[in-house]
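For reference, the structure is listed below as structure tokens.
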Amino acid sequence: MPQNNFYDDVYQVVRLIPSGRVTSYGAIAAYLGSKQSSRVVGYAMMACGTAQPPVPAHRVVNRQGLLTGKFHFGGDTMEQLLAHEGIKVIDNQVQNFKEIFWDPATELNL
DNA sequence: ACGATGACAAACA
DNA sequence: TTGTTTGCCATCG
């Protein structure tokens, strides 16, 4: 099932996210060339459970730095993972989000 | 095989 | 200014 185009692209970008950094769905979508597909990026994260190797979806948050999909991880797993990366998460929101924000279009310097 | 849905974000009124 | 509507692609029923 890999090679599903958009999904596979999203998975690769997400796997490139360095530890201690986070990115947003819109940033990935924009990097792929269409910010309109931000929704598909988010959904790709949901299907990431079937992707091989698994993607660090816990490093992907929405534009507000809010852990929208933490519920899909199974409780507070997402917060624990982010905390383990050194990212402080309070009230399902990433602190210093702007500082640890990892934009592929910028960091990868395409 | 078809219809509805789903981890978002930006544009329009 | 806030609230609502549209765009996107794959998976589930």
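Where a number appears in this text, it was derived from the coordinates with a stated rule and is not lab data. The structure displayed is predicted, hence computed values, not measured ones. Reconstructed Cβ throughout: ideal geometry from the backbone, glycine too, with neighbour counts over all protein chains shown.
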Ellipsoid equivalent to region A:6-99 - semi-axes via the Cα gyration tensor, in Å: 19, 14, 12
So which lysines pass the test for A:LYS35, namely a Cα distance under 23 Å, with those fewer than 8 places away in the same chain ruled out? A:LYS70, A:LYS98
As a footprinting exposure proxy, order A:HIS58, A:HIS84, A:HIS72 by other Cβ within 10 Å, with the fewest listed first. A:HIS84, A:HIS72, A:HIS58
